[in-house]
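The values are calculated or read from the model by the stated rules, or taken from the named source; none is laboratory data. Predicted model only: the values in this text are computed from it and were never measured. Glycine gets a Cβ as well: all are built from the backbone with ideal geometry, and neighbour counts include every protein chain shown.
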């Protein structure tokens, strides 16, 4: 079975597998498939909390991997890339984010647009601000994106209405690259910026830790948590 199927399955148990533990296990075992089928003692010795190991074993027994194989097929049909934590294209700066401990680096990134290897992430600059902003603030945000583009910096923002949108537009209109970090990749959020998202795919890329909008749970938390990716891609 495709290795990415196991990445998608482990992504579901978000808190149980810190990404550096996954990386260590893959180096030792040779694949994430072997980590998936590892016994309880190995997982405990890896440093996973015993309570999480018990939950993972039950989770592993209860799910059908074909569900994730079908999801992977759907993702590929939509020309969306999956970049696991151990992939060479995964941004090193994102692995080392200075963020509250509970907000760990994403295990996988969902990506569409210009390849990350073609974007100089060492020149990423994060831009964030209010959604309901004045005309003056909108102009400043646009000018910031424009100036970053003119000086070969990459504008990193969140595609939100207001400051984020204007920064993206300023970068695009002035020949620069821009990265939009979304709380989920499908459907595009906010929907009002669907056309802008299409432009960004041609002049940068869209990134998210999640493929689909959650059906339940704290959706606002997902919107806030994307800030860790913006932070990790900014210098």
### Query
Are any residues in region 116-125 within 15 Å of the chain's Cα centre (by Cα) and either farther than 17 Å from residue 4 by Cβ or assigned by TED's automatic domain parsing to the domain that holds residue 23 (or both), and if so, which ones?
121
### Query
Only one of 28, 70, 51 is out of contact with any helix residue (DSSP H, G or I) (no Cβ under 9 Å at 6 or more places or on another chain), surrounded by fewer than 13 Cβ atoms within 10 Å (Cβ to Cβ) and modelled with pLDDT of 95 or more; which?
70
#### Entry: Elements of type helices (runs of 4 or more DSSP H) contained in region 127-235, each with 3 or more residues being closer than 24 Å to residue 8 by Cβ
219-225, 227-232
### Task
For residues that are over 13 Å from residue 201 (Cβ atoms) and touching a strand residue (DSSP E or B) at 6+ places or on another chain (Cβ under 8 Å), scanning just region 117-126, find the one that is surrounded by the fewest Cβ atoms within 10 Å (Cβ to Cβ).
120
### Query
Hey, any hits in region 100-110 for a residue that's in a strand (DSSP E or B), farther than 18 Å from residue 185 by Cα and in contact with a helix residue (DSSP H, G or I) (Cβ under 8 Å, 6 or more places away or on another chain)?
no
### Message
Please go through (1) outside the structural domain of residue 228 (by TED's automatic domain parsing); (2) part of a helix (DSSP H, G or I); (3) in contact (Cβ under 8 Å) with a residue 12 or more places away in the chain for residue 67 and return the number of the only condition it doesn't satisfy.
### Response
(3)
### Message
Take residue 234 and tell me if it is closer than 16 Å to residue 121 by Cα, in contact with a strand residue (DSSP E or B) (Cβ under 8 Å, 6 or more places away or on another chain) and either surrounded by fewer than 24 Cβ atoms within 10 Å (Cβ to Cβ) or in the same structural domain as residue 8 (by TED's automatic domain parsing) (or both).
### Response
yes
### Residue tally, condition more than 20 Å from the chain's Cα centre (by Cα) and over 11 Å from residue 200 (Cα atoms), over region 174-189
2
